[in-house]
Protein chains: 2
Amino acid sequence: MGKIRNILFIMADQLRADYLSCAGHPTLQTPHIDGLAKRGVRFDRAYCQAPVCGPSRMSFYTGRYMTSHGATYNAVPLRATELTLGDYLRPLGYRVALVGKTHMKGDDAGMRRLGLDPNSSLGVLVSQCGFEPVERDDGLHPDQGVDPDLAYNRYLRAKGYESENPWHDFANAAEGPNGEILSGWYLRNARLPARVREEDSETPYMTDRAIDFIRDSGETPWCLHLSYIKPHWPYIAPAPYHAMYGPNQILPAKRHPRERENTHPVVAAFMQHEESVNFSRDEARETVIPAYMGLVKQLDDHLGRLFAFLEAEGRMDDTLIVLTSDHGDYLGDHWLGEKELFHEESVRIPLIVYSPDAAADATRGHVEQRFAEAIDLVPTFLAAAGGTAQPHRLEGASLLPLLEGRVPDGWRDATFSECDYAFREARQILLVPPDQARGWMVRTGRWKYIAYEGFRPQLFDMETDPDEYVDLGESPAHEDARAAMAARLLAWLKQRRIRTTISNEDVEKRTGNAKSRGILFGVW
Amino acid sequence: MGKIRNILFIMADQLRADYLSCAGHPTLQTPHIDGLAKRGVRFDRAYCQAPVCGPSRMSFYTGRYMTSHGATYNAVPLRATELTLGDYLRPLGYRVALVGKTHMKGDDAGMRRLGLDPNSSLGVLVSQCGFEPVERDDGLHPDQGVDPDLAYNRYLRAKGYESENPWHDFANAAEGPNGEILSGWYLRNARLPARVREEDSETPYMTDRAIDFIRDSGETPWCLHLSYIKPHWPYIAPAPYHAMYGPNQILPAKRHPRERENTHPVVAAFMQHEESVNFSRDEARETVIPAYMGLVKQLDDHLGRLFAFLEAEGRMDDTLIVLTSDHGDYLGDHWLGEKELFHEESVRIPLIVYSPDAAADATRGHVEQRFAEAIDLVPTFLAAAGGTAQPHRLEGASLLPLLEGRVPDGWRDATFSECDYAFREARQILLVPPDQARGWMVRTGRWKYIAYEGFRPQLFDMETDPDEYVDLGESPAHEDARAAMAARLLAWLKQRRIRTTISNEDVEKRTGNAKSRGILFGVW
């Protein structure tokens, strides 16, 4: 064991917190992830700040809540003045690199206004969330929008997969009895094997890119964001993973007829979405979830390969490793598909943190029940790299003290997440204008309170109703609980970090100093 | 009368709403400002978004609340990605220029991070709130920090005022019996005449610069921000204005012994500031307020000269004119000096809007009691210039409909203002950390509610107690009123515009269109 020098920030996409054997999944065995949890700390109550890829990731990369960073949905540009992980670690001598997905959309208009060409090397850095894009691949390449120069497509073609879009036609499609391509975009094809050899599929490919990066980095400290595309859809796994699990091994659907009665209007609108209608059918669940499990299993196997490589290279002794996901996946629970709303299946995320530092020996294998949030990672990495805390911008807290068995005073007793459903059909169903399609979740140990602009709130008693079947949002008996949770939301909104252009140290230095600078106001 | 082509945006600094004869001041006659009010609309309940220069002005120039623009105090840099008046009007063919003060601090670090030299022509524009700095002069030039190349100092020297810092030694100082310089920084010198000839003092000088600009602009549409430095301190007026008013002509102090009992902790800390202690003495009020009134009178006279020039040039027929101030001045009311807190004397501002358009004929001379806010000006100017509303960023509303006698549906029934006292001694007195020194005001027709982070709220009944002497912040009988006002604050915080990088039109275009772009999620 040694001191932290490098940071390996692994993210899976749309990986539910409960689809790991260390988190209790009864049929899906993830021994390598479990092994990391045994060597580190698994945060059992970790939450993303927005249960959809783009804004969740912008919170991971900026260390700020969605309200603060403003990139509220996929492809909403992140303001060019928001600092990201690279801005924090690069000045400390780190090479900060990306292999895989960020879902970042650069603020091209903002950059052009400031005279910065988004295609210049600096512009690219700003557009890539501060990561040096060793290989950026957001994992969604429909024929209509495929990058002609996509590295993974070039790789596949070099391996003999001849197509305009081998990402789709081989890695994310199956083959019919007459050789026809059966697209992985369609749920009904999820039980079939992808047309790609396992070793050429996305998960091993990205793992290899990470191994190459680590091997090539030598002695320069690095922070690598290895950001896997799976088990996010297209839900299709290569052999043998496509057939490793069957319908009898999936978790029973967590849903109750009661959820369809007097349903909250926003939830009801999401239930009308095609993905919700389809995932509410047992046939869809029984077709898709085994493939989803196969993709998780494949991920676990390649993480095992990656961890073995790190071990062999001595990197387990000097590398902080985080494994997490940007959000979960309803998979038909609560009569919903996809994510975006605030049930645990959507908003709770897996989070395992391993530190090689001997100071963390006391907690190895610990399962932490205190709330952790996506925004804690930037402060964690900054602390691990020896940087100065920047609480005027960063809204999370370093997890290192918890790893070392110390609980900082006033550790949060509530967690917050947000959504902006302006881009979804639900908004049109509800006739809500684009500015009003917002929701906020406040979850304490006891309660989950959800405020949707323009509608009644939701309230769940997480102690007596952990499955969130009983919405107490209109219960007369719970008026006080709702008022207390609304007060929590108000207190939280008031505490957002808005003064980001000057540090607290500089504020202290300047406090009351006007007169020393000759600005004599109010002096007789 | 004609159509609006130009925009003249006049701001006085620290001019109280009630120090105009048209607003009821009994002894201070401001006939030229009154004349503008007779030709336009005077908004009697207009409020600034932060009662201190910097953040108030950033709200004026960005059209956004302080929480949204983040420049929470003087010299806190405005994020380089915040758009300002120039960004909105320049693309519409306007020359957008500044004569006078903005109190803008450029985001040098943010610009450098994006490869923009703050001293380049683009960098200067971003640093000057989007204004072409025809003449920037923030009006405070202590010897320790005086710009060696200050245009006004060059002017004074050319006029024979020989000094390293003629701004101070002549325009803002008096002379003692033995020829010694008596600095205008000291309140005790306010009764003396400045050492400058009236025609060379700051108000006529800035008026002349504006006249030059307007004359030189020819047929190009322009938006000129004529931003006077006075009646802000140093409180010292040139002859004859220094002696135009006496102690018997000032308004009685609006203060009550009750305000010093059980005082709210934040207010109590501000009462300990030197400016509050001094302004609580009658001698200070009787010395300073006549000078303040003289400075207002001088301003009115030069505005008369400016309006006569506009009339002669035909500009009254094609120019929208706004007259306002960034905040008020306690002048000893409520046992306070300066501004920053939320009493009407501090937070209410004068606001007169004159439109040459015949559509505004119906309201000439009208006194409007509906709430107006500083953030309404950018939308007003944008509408006057024929631009498209940008409600995804701009948080105010155009005042033009009110000028035309139309009241838009849902016009605000509350107004909001904010403060960040992190930089003030009050924070140190209260032992508050830099991030927690925040306050929010919500004022409806009936109530004024003030929330200070970490302390009890304040509540005033503006109908029965318009002087704000009775703080109901702990009154058991007003629990419901406080809860209702806290709910207003929560609703307001939830409605802030955070998704600023994409327009609502673009959101509408993209809503539900993923599948048309080949992103087939949830399709069976």
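The values are calculated or read from the model by the stated rules, or taken from the named source; none is laboratory data. Predicted, not measured: the structure shown is a model, and the values here were computed from it. Positions of Cβ are generated from backbone atoms using ideal geometry, with glycine treated the same way; all protein chains shown enter the neighbour counts.
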Looking at this structure, is B:G145 more than 27 Å from B:A384 (Cβ to Cβ), at pLDDT 95 or above and surrounded by fewer than 16 Cβ atoms within 10 Å (Cβ to Cβ)? no
Just checking, does the stretch B:150-173 include any residue being out of contact with any strand residue (DSSP E or B) (no Cβ under 8 Å at 6 or more places or on another chain), within 28 Å of A:D108 (Cα to Cα), outside any helix (DSSP H, G or I) and touching a residue at least 12 places away in the same chain (Cβ under 8 Å)? no
Close pairs from the stretch A:501-518: first more than 7 Å from chain B (Cβ to nearest Cβ), partner surrounded by 15 or more Cβ atoms within 10 Å (Cβ to Cβ) and assigned to a loop (DSSP other than H, G, I, E, B), Cβ under 6 Å, at least 6 apart: A:S503/A:H392
Could you tell me whether A:F213 is hydrophobic (A, V, I, L, M, F, W, C) and under 30 Å from A:N153 (Cα atoms)? yes
Of the conditions (1) within 14 Å of chain B (Cβ to nearest Cβ); (2) small (G, A, S); (3) touching a residue at least 40 places away in the same chain (Cβ under 8 Å), A:G145 clears all except one; give me its number. (3)
Restricting to the stretch B:96-142, name every residue that is part of a helix (DSSP H, G or I), free of Cβ contacts under 8 Å to residues at least 24 places away in the same chain and of a type in the set (G, A, S). B:S121, B:G123, B:S127
Among the listed residues A:L303, A:L295, which satisfies the condition of being more than 14 Å from chain B (Cβ to nearest Cβ), within 30 Å of A:L192 (Cα to Cα) and in contact with a Lys or Arg (Cβ under 6 Å, 6 or more places away or on another chain)? A:L295
Yes or no: the stretch A:331-341 includes at least one residue that is surrounded by fewer than 21 Cβ atoms within 10 Å (Cβ to Cβ) and touching a strand residue (DSSP E or B) at 6+ places or on another chain (Cβ under 9 Å). no
Unique residue being in contact with a Pro (Cβ under 9 Å, 6 or more places away or on another chain), more than 14 Å from every other protein chain (Cβ to nearest Cβ) and at pLDDT 95 or above when the list is A:R57, A:R95: A:R95
Output for the stretch B:319-366, where each listed residue is of a type in the set (K, R) and assigned to a loop (DSSP other than H, G, I, E, B): B:K339, B:R364
Of the candidates B:A75, B:A80, the one satisfying the condition of being within 14 Å of another protein chain (Cβ to nearest Cβ), in contact with a helix residue (DSSP H, G or I) (Cβ under 7 Å, 6 or more places away or on another chain) and at pLDDT below 95 is B:A75
If you check A:I502, A:I450, A:I498, which single one turns out to be within 28 Å of the chain's Cα centre (by Cα) and within 30 Å of B:M104 (Cβ to Cβ)? A:I498
Filter the stretch B:98-122 down to the residues that are under 21 Å from the mean Cα position of the chain (by Cα) and more than 7 Å from chain A (Cβ to nearest Cβ) and list them by number. B:L98, B:V99, B:G100, B:K101, B:T102, B:H103, B:M104, B:K105, B:G106
Single residue of the stretch A:384-431 satisfying the filter (over 30 Å from B:R510 (Cβ atoms) and within 9 Å of another protein chain (Cβ to nearest Cβ)) that is surrounded by the most Cβ atoms within 10 Å (Cβ to Cβ): A:H392
Among the residues of the stretch A:413-427, what is the count of those that are within 14 Å of A:V267 (Cβ to Cβ) and in contact with a strand residue (DSSP E or B) (Cβ under 9 Å, 6 or more places away or on another chain)? 2
May I ask you to list the residues in the stretch A:432-446 that are within 21 Å of A:M66 (Cβ to Cβ) and either within 14 Å of chain B (Cβ to nearest Cβ) or touching an Asp or Glu at 6+ places or on another chain (Cβ under 8 Å) (or both)? A:V432, A:P433, A:P434, A:D435, A:Q436, A:A437, A:R438, A:G439, A:W440, A:M441, A:V442, A:T444
May I ask you to say which residue of B:L351, B:L320 is out of contact with any helix residue (DSSP H, G or I) (no Cβ under 7 Å at 6 or more places or on another chain) and crowded, with 24+ Cβ neighbours inside 10 Å? B:L351
Taking the stretch B:82-96 as the search range and keeping residues that are surrounded by fewer than 24 Cβ atoms within 10 Å (Cβ to Cβ) and not hydrophobic (A, V, I, L, M, F, W, C), which one is nearest to A:L78 (Cα to Cα)? B:D87
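Select the helices (runs of 4 or more DSSP H) contained entirely in the stretch B:194-290, then report the ones holding at least 2 residues which are buried (at least 20 other Cβ atoms within 10 Å of the Cβ) and within 14 Å of another protein chain (Cβ to nearest Cβ).
B:265-271, B:274-279
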From the list A:I236, A:I250, which residue is touching a strand residue (DSSP E or B) at 6+ places or on another chain (Cβ under 8 Å) and closer than 21 Å to A:E283 by Cα? A:I236
Within the stretch A:41-51, can one find any residue that is closer than 30 Å to B:H392 by Cα, at pLDDT 95 or above and within 12 Å of chain B (Cβ to nearest Cβ)? yes
Which condition from (1) crowded, with 20+ Cβ neighbours inside 10 Å; (2) under 30 Å from A:E219 (Cβ atoms); (3) of a type outside the set (K, R) is the one that A:A372 breaks? (2)
